[in-house]
Amino acid sequence: MPAPSGVTPSASPSPRPQDQPLAGDVVAIDPGHNGGNAAHPDIVNQLVNVITEQKPCDTTGTETDAGYPEHAFSFDVASRLAAILRKQGARVVLTRDNDTGTGPCITQRAAIGNRAHADAAISIHADGGPPGGTGFEVIEPGLVPGYTDKIIAPSRRLGLDIRAAYHTNTGEPYSDYLGTDGLDVRTDLGGLNLSAVPKVFIECANMRNSADAARLTSAAFRQRVAAALAAGLVAFLHGQ
Ligand code: ZN
């Protein structure tokens, strides 16, 4: 049974069973890039309109120096996160259901969350930054008049909850080369500009930094990442 909207568990008895705190919630998870993108430049290089500019449909992403690709990382974390959220009762929509396909375009990645009427959406990435740089950052939508007006405030709250939970649960520091205190605001990302639901991106760490790469390559760390993102989403959705 869907929970009545606007009711906070602290203000009145929660209708959700204790082990299903996310019953009635819809979460859209977007694992960045895709394993088939590199083999299909004809598809991923097609330009799409992200309102503030024209951009390629999708990109191949980065990888660690040892060759662990960002698309594999993002898909693994997304799968782990989906399992955690579903166990807590959420309906989860993923923008791709394998790591061997191509795309979808960034415009579609936003549309999937919109169509699901997601209560929250998150796009999972890892950065390809300078080898000396470390840490994570959360990216929030900036103002694109007529598009992001209504999602900026809730996305800001989502971003702060994700940042806090990620920092606490993974121990990963704020990025020392991106954004400010682990936060950034951008208007060049189609996944944010075209979202009608509260949404943030996260760059979980720097794949080109050896210390960060060692963490990202560890399945145990990826499980911590997923648990951290779940905790941030629960905090946003229910203030827990
Ligand atoms: Zn990426």
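The values are calculated or read from the model by the stated rules, or taken from the named source; none is laboratory data. As the structure is a computational prediction, the values presented were derived from the model and not from experiment. Glycine gets a Cβ as well: all are built from the backbone with ideal geometry, and neighbour counts include every protein chain shown. Just the protein is used for accessible areas: all its heavy atoms, side chains included, with ligands, DNA and RNA removed. Shrake-Rupley method; radii C 1.70, N 1.55, O 1.52, S 1.80 Å.
Evaluate the charge dipole of the chain about its Cα centre and quote only its size in Debye, nearest 20, assuming +1 on the Cβ of each Lys and Arg and -1 on the Cβ of each Asp and Glu.
780 debye
Using a 10 angstrom cutoff on alpha carbons, build the Gaussian network for the chain and name the most mobile of 94, 85, 47.
47
Round to a whole angstrom and tell me the spacing of the C-alpha centers of region 189-205 and region 108-153.
Answer, in whole Å: 1.
Per residue, how large is the accessible surface of region 29-71? Use a 1.4 angstrom probe and give square angstrom.
47 Å²
Between 129, 142, 182, find the one with the highest GNM mean-square fluctuation for the chain; connect C-alpha pairs within less than 10 Å.
129
Say the dipole of the chain comes from +1 at the beta carbon of Lys and Arg and -1 at that of Asp and Glu; which of 227, 47, 177 then lies farthest toward its positive end?
227
If you check each cysteine of the chain for another cysteine whose beta-carbon is under 4.7 Å away, which ones come up empty?
Among the cysteines of the chain, those whose Cβ sits 4.7 Å or more from every other are 204.
How far is helix 70-87 tilted off the main Cα axis of the chain, in degrees rounded to 10, range 0 to 90?
Around 10 degrees separate the two axes.
Straight distance only, please: which lysines reach the Cα of residue 150 with their own Cα at less than 18 Å, same-chain residues fewer than 8 apart left out?
Correct list for residue 150: 199.
Over region 114-213, with the other protein chains present, what is the accessible area per residue in square angstrom, probe 1.4 angstrom?
Here the residues of region 114-213 average 38 Å² of exposed surface.
Using only Cα atoms, find the angle between the long axis of helix 219-238 and the longest principal axis of the chain, and express it within 0 to 90 degrees, rounded to the nearest 10.
Compared with the principal axis, the helix lies near 40 degrees.
Rounded to the nearest 500 deg cm²/dmol, what is the calculated helix-only ellipticity per residue at 222 nm for the chain, with -39500 (n - 2.57) per DSSP H run of length n ≥ 4?
Helices in the chain give a 222 nm mean residue ellipticity of -10500 deg cm²/dmol.
Over the alpha-carbon set of the chain, divide Rg by the Kirkwood Rh and report the Rg/Rh ratio to two decimals.
0.95
Please report, as a whole percent, how much of the solvent-accessible surface of the chain comes from carbon and sulfur atoms (probe radius 1.4 Å).
The nonpolar share, carbon plus sulfur, comes to 54 percent.
Charges only on Cβ, +1 for Lys and Arg, -1 for Asp and Glu: so what's the dipole of region 89-160 about the Cα centre, in debye to the nearest 20?
Charge dipole, region 89-160, about its Cα centre: 260 debye, nearest 20.
Which angle between 0 and 90 degrees, to the nearest 10, do you get for helix 152-170 versus the longest principal axis of the chain when only C-alpha atoms count?
Result, in degrees: 80.
Report the residue, chosen from 30, 119, 65, that carries the largest GNM mean-square fluctuation when the chain is represented by alpha-carbon nodes joined by springs under 10 Å.
65
Counting DSSP beta bridges with both partners in the chain, what percentage is antiparallel, nearest 5?
If we restrict to bridges inside the chain, about 30 percent are antiparallel.
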